[in-house]
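S.K.: Here you go, one structure.
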Amino acid sequence: MAFALPPGGSLIGIGCDLIEVERIRGVLERHGARFLDRTFTAEEQAYCANLKFPHKHYAARWAAKEAVSKAFTTGIGSHLDWTSVSVYHGARMEPLVRLDDKASALLKEIGGTGVLISLSHTETHAMAVAALVRS
């Protein structure tokens with residue numbers, strides 16, 4: 001089986017975010033489903049809910065959403081919703097990004113063709129780096 005990296009291209013935007021895992025755990029405990037439904041897609045919730053420490057994975061996805069919004073230079077708000085960016089896994093369990101119609105239109109508007117992402121977490125912190133590319 002041949003190994004191939006995802007298609008790259010010209011870098012047109014980059015963003016990163018770092019968050020304390022405990023912060024997400026606290027919000028989950030205080031707000032539960034209301035927080036989850038406002039912030040994470042059903043796909044993300046289904047994945048994280050089945051893990052031993054879901055708060056760590058929610059924290060990484062929170063960081064991913066922030067990193068993507070920073071790569072767009074818009075932040076979360078009028079141009080992007082929390083659920084505009086969804087993290088899922090590819091065939092090798094690599095993190096991939098799915099954009100909703102609003103985010104896809106924004107990517108097209110700036111001439112982008114894709115979003116690359118990297119996630120990591122420890123017991124205390126989660127981080128993400130996102131890159132907008134044009135092929």
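S.K.: Taking the mean number of other Cβ atoms within 10 Å as a proxy for protection, how do you rank 31-40, 126-135 from highest to lowest?
M.R.: Put in order of decreasing packing, that is 126-135, 31-40.
S.K.: At 1.4 Å probe size, with the rest of the protein present, what percent of the exposed accessible area of the chain is carbon and sulfur atoms?
M.R.: Ligands and nucleic acids excluded, carbon and sulfur give 56 percent.
S.K.: Charges only on Cβ, +1 for Lys and Arg, -1 for Asp and Glu: so what's the dipole of the chain about the Cα centre, in debye to the nearest 20?
M.R.: Roughly 40 debye for the chain.
S.K.: Which value, in Å², gives the accessible area per residue of the chain when a 1.4 Å probe is used on the protein heavy atoms?
M.R.: So the chain comes to 56 Å² accessible per residue, rounded to a whole number.
S.K.: Here is a follow-up. Which length gain, in nm to one decimal place, applies between HIS89 and THR73 when the Cα-Cα distance is subtracted from 0.36 nm times their residue separation?
M.R.: Extra length from HIS89 to THR73 when fully extended: 3.3 nm.
S.K.: D for the chain, whole µm²/s, Stokes-Einstein with Kirkwood Rh over alpha-carbon pairs at 10 °C and 1.306 mPa s: what number?
M.R.: In µm²/s, the coefficient is 105.
S.K.: Right, another one. For segment 1-71, just say rounded, prolate or oblate: build the C-alpha gyration tensor, square-root its eigenvalues into a ≥ b ≥ c, call rounded for a/c under 1.5, and beyond that prolate if a/b exceeds b/c, oblate if not.
M.R.: Prolate.
The values are calculated or read from the model by the stated rules, or taken from the named source; none is laboratory data. Please read all numbers here as calculations on a predicted model, not as lab measurements. Heads up, the Cβs are rebuilt from the backbone with ideal geometry, glycines too, and the neighbour counts pull from every protein chain shown. With ligands, DNA and RNA removed, areas are computed over all heavy atoms of the protein, side chains included. Shrake-Rupley method; radii C 1.70, N 1.55, O 1.52, S 1.80 Å.
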